[in-house]
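One structure below.
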Amino acid sequence: MHNDIRATLNYFIYDFRFTISIFWVVLCSSLVVLSIASLSLDSIVRINTSLAVYIYAAIAGFSITKEIFPNCIRMGATRNNYIIAASFFAILLAIFMSAMNLLVSFIFQLITTSPELSNLAIFYTLDATTLSFTWFNHFFIDFVICLFIISVGFFSSAIFYRFGLIGGFVNLALLGIFILIPNLRDLFIDFVMSIEGRTIDLNFGAVTIVVITFIFLTWIVLRRASLVQSVSR
């Protein structure tokens, strides 16, 4: 069991390492270009690197099932071990992306202290919360949000894989209905966070419960899934 989980986890890491490298190369290059471009601008340029990380987390979560699931099962992994390995990978990916974002933000902040780049300003997700500004809190808030987004993306990818486009779009339609119904939407928002003026106080315990729930639902969807992705049904 442990060998299967470790092998599947290594497969995840090997499969995603190229896209992760490309992401950070593109992001760092974009920051350099923005820094150079800001020299000719008079207005304040605000940058939030965390937003790019969250977008990648959503894409990565949605990419977990499509090809990796059938390949891992064909190579001998059980569906239960696959879910466990995917969960560990989601945690490791959230840790790595948050740590890298912390490092890039720290370096970029040092660069922006230059008088020539005084019109560059970094906006941190942490600034929108009630947490005090520390580098650990910066890492922690990014980690929690990344893990939440990856788990949602993982569940969505499982729905599309198991039930095809129709099932996937039905899932998106149900999500849209959920968002449009004020009572349900507000109930969920109040469960995971409280809003005080312009700041947000995240309920980390509630977010953890939501992440575990999505992982459990993903297991339910994939435990009897075929090795051939459904296209239309």
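Quick notes on this one:
- Within the stretch 23-51, being assigned to a helix (DSSP H, G or I) and either open to solvent by less than 30 Å² (accessible area, probe 1.4 Å) or under 23 Å from Phe88 (Cβ atoms) (or both) holds for Phe23, Trp24, Leu27, Leu31, Ser35, Ser38, Thr49, Ser50.
- From Ser40, Ser63, residue being over 10 Å from the mean Cα position of the chain (by Cα) and at pLDDT 85 or above: Ser63
- Among the numbered conditions (1) closer than 25 Å to Val210 by Cα; (2) in contact (Cβ under 8 Å) with a residue 12 or more places away in the chain, the only one that Met75 does not meet is (1).
- Selected residue (criterion: farthest from Tyr54 (Cα to Cα)) from residues of the stretch 72-82 that are among the aliphatic types (A, V, I, L, M) and surrounded by fewer than 19 Cβ atoms within 10 Å (Cβ to Cβ): Met75
- Per the conditions (1) of a type in the set (Phe, Trp, Tyr); (2) touching a residue at least 12 places away in the same chain (Cβ under 8 Å); (3) out of contact with any Lys or Arg (no Cβ under 9 Å at 6 or more places or on another chain), the sole criterion not satisfied by Phe69 is (3).
- Scanning the stretch 83-110 for residues that are more than 19 Å from the chain's Cα centre (by Cα) and surrounded by 14 or more Cβ atoms within 10 Å (Cβ to Cβ) yields a single hit, Phe108.
- Pick from the stretch 118-174, criterion among the charged types (D, E, K, R) and farther than 18 Å from Ile55 by Cβ, ranking: modelled with the highest pLDDT: Arg162
- Selected residue [touching a helix residue (DSSP H, G or I) at 6+ places or on another chain (Cβ under 6 Å) and surrounded by 12 or more Cβ atoms within 10 Å (Cβ to Cβ)] from Phe163, Phe169, Phe155: Phe155
- Breaking point among (1) closer than 17 Å to Asp15 by Cα; (2) under 24 Å from the mean Cα position of the chain (by Cα), for Arg79: (1)
The values are calculated or read from the model by the stated rules, or taken from the named source; none is laboratory data. Everything numeric in this text was worked out from a predicted model, so none of it was measured. Every residue, glycine as well, gets a Cβ built from its backbone with ideal geometry; the counts of neighbours run over all protein chains shown. What goes into the accessible areas is simple: the full protein's heavy atoms, side chains included, and nothing from ligands, DNA or RNA. Shrake-Rupley method; radii C 1.70, N 1.55, O 1.52, S 1.80 Å.
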